[in-house]
Amino acid sequence: MRSEEVVNLLSHYRHDWMNELQLLTGYASMGKLDKVQDKIQQISMAMEKERRISNAGLPRTALWAISFNWNYSNFRLDYQIYLEKNQHTVYDEQIVSRLQTITDLLEAHSNSMELYEGELTLRCGKEDANSIEVQLLFTGAFENPVEMEEKLSDMSDLYKISILSTDEEKNQCTVKWTCS
């Protein structure tokens, strides 16, 4: 990573922390201590998620996930990590490459005025503890979801793809694969 990229990353991170501090200060000044406690609990949970992904031995994947919301204006990503510490470094480049390729395709089928909510899940493989099961899920009003599914299918035979329609004229796109 170049120095400029690191500084940019730290700038986004500092900005997010300043927003959190402003909220806490505002709640405290209004005497809303219950809101302060709720916010502190939310921050604590977010820091635990960052700790888990940072300790998973997937530094590029961690950076990709943590910085995702800064890089995409109409996509929001949350992540769940169920991995043991530092066991899966060998898959890091493969995971990031696939996540980026999939996200680029989803973005190409998105509407800039729509917000897309996503979740990345990483867990140990069920059959092989040294493998990683990866799931990327996004919900939103994708343009031409049939074509999007075909393009995702063409990317890799390893992908298990599901695109479902929801009640609100939105689609839920799920892409799963196992790194082994």
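Only residues that are more than 17 Å from GLU133 (Cβ to Cβ) and either open to solvent by 90 Å² or more (accessible area, probe 1.4 Å) or part of a strand (DSSP E or B) (or both): list them for the range 152-172, please.
Scanning the range 152-172 gives ASP154, ILE163, LEU164, SER165, ASP167, GLU168, GLU169, ASN171, GLN172.
Taking the stated definitions as given, is LYS32 at pLDDT below 90, surrounded by fewer than 17 Cβ atoms within 10 Å (Cβ to Cβ), more than 30 Å from ALA141 (Cβ to Cβ) and among the charged types (D, E, K, R)?
Here the answer is no, as LYS32 does not meet what is asked.
Consider SER54 against the criteria (1) open to solvent by 10 Å² or more (accessible area, probe 1.4 Å); (2) closer than 21 Å to ARG14 by Cα; (3) modelled with pLDDT of 90 or more: it satisfies all of them except one. Which criterion is unmet?
SER54 satisfies every listed condition except (3).
Tell me whether the range 126-140 contains one or more residues that are in contact with a Gly (Cβ under 8 Å, 6 or more places away or on another chain) and touching a residue at least 60 places away in the same chain (Cβ under 8 Å).
Yes: the range 126-140 contains one or more residues that are in contact with a Gly (Cβ under 8 Å, 6 or more places away or on another chain) and touching a residue at least 60 places away in the same chain (Cβ under 8 Å).
Of all residues in the range 67-88, how many are open to solvent by less than 40 Å² (accessible area, probe 1.4 Å) and closer than 27 Å to ALA141 by Cα?
The qualifying residues number 8.
Among (1) over 15 Å from ASN71 (Cβ atoms); (2) open to solvent by less than 60 Å² (accessible area, probe 1.4 Å); (3) β-branched (Val, Ile, Thr), where does THR103 come up short?
Of the numbered conditions (1) over 15 Å from ASN71 (Cβ atoms); (2) open to solvent by less than 60 Å² (accessible area, probe 1.4 Å); (3) β-branched (Val, Ile, Thr), the odd one out for THR103 is (1).
Based on this model, can you work out whether VAL175 counts as surrounded by 15 or more Cβ atoms within 10 Å (Cβ to Cβ) and either out of contact with any Leu (no Cβ under 9 Å at 6 or more places or on another chain) or of a type in the set (A, V, I, L, M, F, W, C) (or both)?
On the way: surrounded by 15 or more Cβ atoms within 10 Å (Cβ to Cβ): yes; either out of contact with any Leu (no Cβ under 9 Å at 6 or more places or on another chain) or of a type in the set (A, V, I, L, M, F, W, C) (or both): yes.
So VAL175 fits the description; yes.
On the basis of being assigned to a loop (DSSP other than H, G, I, E, B) and hydrophobic (A, V, I, L, M, F, W, C), does ALA56 make the cut? I'd like the intermediate steps shown before the answer.
Details: assigned to a loop (DSSP other than H, G, I, E, B): yes; hydrophobic (A, V, I, L, M, F, W, C): yes.
Taking the combined requirement at face value, the residue satisfies it.
Checking GLY26 against (1) at pLDDT 90 or above; (2) open to solvent by 30 Å² or more (accessible area, probe 1.4 Å), only one condition comes out false. Which one?
(2)
How about the range 79-126: which of its residues are assigned to a loop (DSSP other than H, G, I, E, B) and either within 27 Å of LEU164 (Cα to Cα) or hydrophobic (A, V, I, L, M, F, W, C) (or both)?
Passing the criteria: LEU83, HIS109, SER110, ASN111, SER112, MET113, GLU114, LEU115, GLY125, LYS126.
How many of the residues making up the range 21-50 are in contact with a helix residue (DSSP H, G or I) (Cβ under 8 Å, 6 or more places away or on another chain) and over 20 Å from ALA62 (Cβ atoms)? Quick ask: steps written out before the conclusion?
Looking only at the range 21-50, we keep the residues that are in contact with a helix residue (DSSP H, G or I) (Cβ under 8 Å, 6 or more places away or on another chain), and these are 23-24, 27-28, 33, 35-36, 39-40, 43, 50.
Now restrict to residues that are over 20 Å from ALA62 (Cβ atoms): 23-24, 27-28, 33, 35-36, 39-40.
Number satisfying all stated conditions: 9.
The values are calculated or read from the model by the stated rules, or taken from the named source; none is laboratory data. Since the model is a prediction, treat every value here as computed from it, not as a measurement. Virtual Cβ from ideal backbone geometry, glycine too; neighbours counted across all protein chains shown. Keep in mind that these areas ignore ligands, DNA and RNA; they rest on the heavy atoms of the full protein, side chains included. Shrake-Rupley method; radii C 1.70, N 1.55, O 1.52, S 1.80 Å.
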